[in-house]
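Below is one structure, written out as structure tokens, with a few remarks after it.
The values are calculated or read from the model by the stated rules, or taken from the named source; none is laboratory data. Note that the structure is predicted; figures quoted are calculated from it, not measured. Quick reminder, even Gly has a Cβ in these numbers, built from the backbone with ideal geometry, and neighbours come from all protein chains shown.
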Amino acid sequence: MTNADTAERLSRARTLLFYLSAALFLVVPWFDSPADGSMSFAIVWVAWAILLLAGIAGMGGWFMPRGARRLMEDEGTRANRARSMAIGYFAAIAAALTLSVLVRLVAIDMQTVIRAIVTAGIAAALISFAALERTSMQDG
């Protein structure tokens, strides 16, 4: 298998992984019970968020062959990454602005507000990157 074939296969897998990660990141954290006061879930959630941010930023892929990794990080992918990060930023700001009004109407604890803002930003970036990459794969 050539580096180009490997890069194409891994790019498709990354797209699927980002879609799945976004779905899980949107759903799983809301099953944490704040009543138990456990820090373990919060620590795992923060570590998970950091790993997803690293993935969005293009860090990782150290297990891939160097040639395939270079092919996966072409100009189009870098442009898609930059655009998805911008979309994630605006999603986080929109969530923060919405919650700044909502907290005046409904009692919401700070942990929930922070989790909602971070989740909105990361999930939007993951989904938009995966969608942009999928579109560029179909066009190419």
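Restricting attention to the stretch 1-31, and to residues there that are among the polar types (S, T, N, Q) and either over 20 Å from Gly60 (Cα atoms) or at pLDDT below 85 (or both), which single residue is farthest from the chain's Cα centre (by Cα)?
Looking at the filtered set, the residue picked out is Thr2.
Among the candidates Ile117, Ile93, single out the residue that is surrounded by fewer than 19 Cβ atoms within 10 Å (Cβ to Cβ) and farther than 16 Å from Phe18 by Cβ.
The unique qualifying residue is Ile93.
For a quick check of your reading: which helices (runs of 4 or more DSSP H) sit entirely within the stretch 26-140 and have at least 2 residues that are over 21 Å from Leu10 (Cβ atoms) and not basic (Lys, Arg)?
Result: 40-56, 75-105, 110-139.
Would you confirm, using the coordinates I've provided, whether Val103 is surrounded by 13 or more Cβ atoms within 10 Å (Cβ to Cβ), out of contact with any Leu (no Cβ under 6 Å at 6 or more places or on another chain) and free of Cβ contacts under 8 Å to residues at least 12 places away in the same chain?
yes
Tell me, yes or no, whether the stretch 111-123 has at least one residue that is more than 19 Å from Val27 (Cα to Cα) and modelled with pLDDT under 95.
There is no residue in the stretch 111-123 that is more than 19 Å from Val27 (Cα to Cα) and modelled with pLDDT under 95.
Quick one: would you say Leu24 is surrounded by fewer than 16 Cβ atoms within 10 Å (Cβ to Cβ) and farther than 30 Å from Thr2 by Cα?
Answer is yes for this residue.
For the stretch 97-110, check the following and say yes or no: at least one residue is closer than 21 Å to Ala54 by Cβ and either of a type in the set (Val, Ile, Thr) or modelled with pLDDT of 95 or more (or both).
no
For Leu126, which of the numbered conditions (1) touching a helix residue (DSSP H, G or I) at 6+ places or on another chain (Cβ under 8 Å); (2) over 29 Å from Ala7 (Cβ atoms) fails to hold?
Every listed condition holds for Leu126 apart from (2).
I'm checking my understanding of the structure. Among residues of the stretch 8-21 that are surrounded by fewer than 19 Cβ atoms within 10 Å (Cβ to Cβ) and among the aliphatic types (A, V, I, L, M), which one is farthest from Ile127 (Cα to Cα)?
Only one residue tops the list, namely Ala13.
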